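The values are calculated or read from the model by the stated rules, or taken from the named source; none is laboratory data. Just so it is clear, the structure is predicted and the values come from calculations on it, not from any experiment. We place every Cβ from the backbone using ideal geometry, glycine too, and count neighbours over all the protein chains shown.
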Amino acid sequence: MMHTLDDAAIEYLLGFADDELCVGQNHSWWIAVGPFLEEDLAFSSIAQDELGHARMLYEFLELEESVDQIAYGRDPREYRSAHIAELRCHQWPEALVRHVLYDLAEEVRWRALSKGSWKGIAAIATRAIAEERFHLQHALSLAERLLATAEGRKRLLPSFQRLAPMGQELFRVNLDELQLVESGLLSSPLIDQKNSWIKNVETFLDLFNCEINWEQFQDAPGREGMRSSDFESLHAEMIEVLSLDPNAKW
């Protein structure tokens, strides 16, 4: 069965790809500046995977521009990334917490694509799930070790309370989400995915008596083209090498 990349599908997949691009770029910042060598290596590997996932999604969209142009050459208003993906998180507690929240979300998001009827995107999702399994294992195991200490809870739990509500934007699209299920792209509605993610986050944090005020974050403008205050810095870092000579043949 042939599937048509309608506006809803393009917006959703572009947003997912942009999330992966931004998180991958942000993870790469920790190379050589992580708190210990193992995390330098882990974040480097995870960053490479996320950027690879972004590339696969951009390629699937088959837009007129090249993958590099889509990734690095768009006007900021044309990006569809969620703000939690754009945050620089240059403090280690925030970086680890975003890692946990984002990868818990990816577990749900990729599964919904893998069980849809679009064979091409389902194959991409299945490949991503195999890699994401290790990302999530890394995030949860490290967070659990740190949260087992009083100092770890003092440093990490405030970041969970601040960032978790923002993560809800990952389950939003700037068009009718029902089209995504009706077309077979997704096997479950975004609202159901979000609720599954919230349940998983709460199950993890219940171990440490941490409650989240999910009503704390109301606005979700990233999918509508409104960038966060961190995006300019992130984007400048993305295109730093390209900007040296835009006409060069790399």
Check S233, S188, S229 and return the single one that is assigned to a helix (DSSP H, G or I), among the hydroxyl-bearing types (S, T, Y) and at negative phi. S233
Of (1) more than 12 Å from the chain's Cα centre (by Cα); (2) under 30 Å from P246 (Cα atoms); (3) at pLDDT 95 or above, L63 satisfies every one except (3)
Take the conditions part of a loop (DSSP other than H, G, I, E, B), modelled with pLDDT of 95 or more and on the phi < 0 side of the Ramachandran plot and apply them to G116. Does it pass? yes
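If only one of L113, L142, L96 is touching a Leu at 6+ places or on another chain (Cβ under 7 Å) and either under 29 Å from L178 (Cβ atoms) or without any contact (Cβ under 8 Å) to a residue 40 or more places away in the chain (or both), which one is it? Write out each step before concluding.
Values: L142 fails: either under 29 Å from L178 (Cβ atoms) or without any contact (Cβ under 8 Å) to a residue 40 or more places away in the chain (or both); L96 fails: either under 29 Å from L178 (Cβ atoms) or without any contact (Cβ under 8 Å) to a residue 40 or more places away in the chain (or both).
Matching residue, one of L113, L142, L96: L113.
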Being closer than 30 Å to R145 by Cα, at pLDDT 95 or above and touching a Gly at 6+ places or on another chain (Cβ under 6 Å) narrows L87, L51 down to just L51
When you scan segment 95-150, how many residues do you find that are more than 21 Å from C210 (Cα to Cα) and not hydroxyl-bearing (S, T, Y)? 27
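Among the residues of segment 150-185, what is the count of those that are among the hydrophobic types (A, V, I, L, M, F, W, C), under 25 Å from P221 (Cα atoms), modelled with pLDDT of 95 or more and in a helix (DSSP H, G or I)? Let's see the steps before the verdict.
To start, the set of residues in segment 150-185 that are among the hydrophobic types (A, V, I, L, M, F, W, C) comprises 150, 156-157, 160, 163-164, 166, 170-171, 173, 175, 178, 180-181, 185.
Keeping just the survivors that are under 25 Å from P221 (Cα atoms) gives 160, 163-164, 166, 170-171, 173, 175, 178, 180-181, 185.
Next cut, modelled with pLDDT of 95 or more only: 160, 163-164, 166, 170-171, 180-181, 185.
Now drop any that are not in a helix (DSSP H, G or I), which leaves 160, 163, 166, 170-171, 180-181.
The total comes to 7.
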Residues that are surrounded by 19 or more Cβ atoms within 10 Å (Cβ to Cβ), polar (S, T, N, Q) and out of contact with any Asp or Glu (no Cβ under 7 Å at 6 or more places or on another chain): does segment 181-192 have at least one? no
Exactly one of (1) under 21 Å from G34 (Cβ atoms); (2) buried (at least 18 other Cβ atoms within 10 Å of the Cβ) is unmet by W92. Its number? (2)
Is one or more of the residues making up segment 225-238 under 19 Å from the mean Cα position of the chain (by Cα) and under 23 Å from K115 (Cβ atoms)? no
Checking the structure you have, find out if any residue of segment 11-31 is more than 15 Å from the chain's Cα centre (by Cα), surrounded by fewer than 17 Cβ atoms within 10 Å (Cβ to Cβ) and more than 28 Å from P189 (Cα to Cα). yes
Every residue in segment 116-132 that is surrounded by 14 or more Cβ atoms within 10 Å (Cβ to Cβ), touching a residue at least 12 places away in the same chain (Cβ under 8 Å) and not aromatic (F, W, Y), please. G116, I121, I124, A125, T126, R127, A128, I129, E131, E132
Looking at (1) over 14 Å from L170 (Cβ atoms); (2) in contact with a Lys or Arg (Cβ under 9 Å, 6 or more places away or on another chain); (3) surrounded by 18 or more Cβ atoms within 10 Å (Cβ to Cβ), find the lone condition where I46 falls short. (2)
I want to confirm something. Restricting to segment 87-113 and keeping residues that are acidic (D, E) and closer than 24 Å to P189 by Cα, which single residue is farthest from the chain's Cα centre (by Cα)? E107
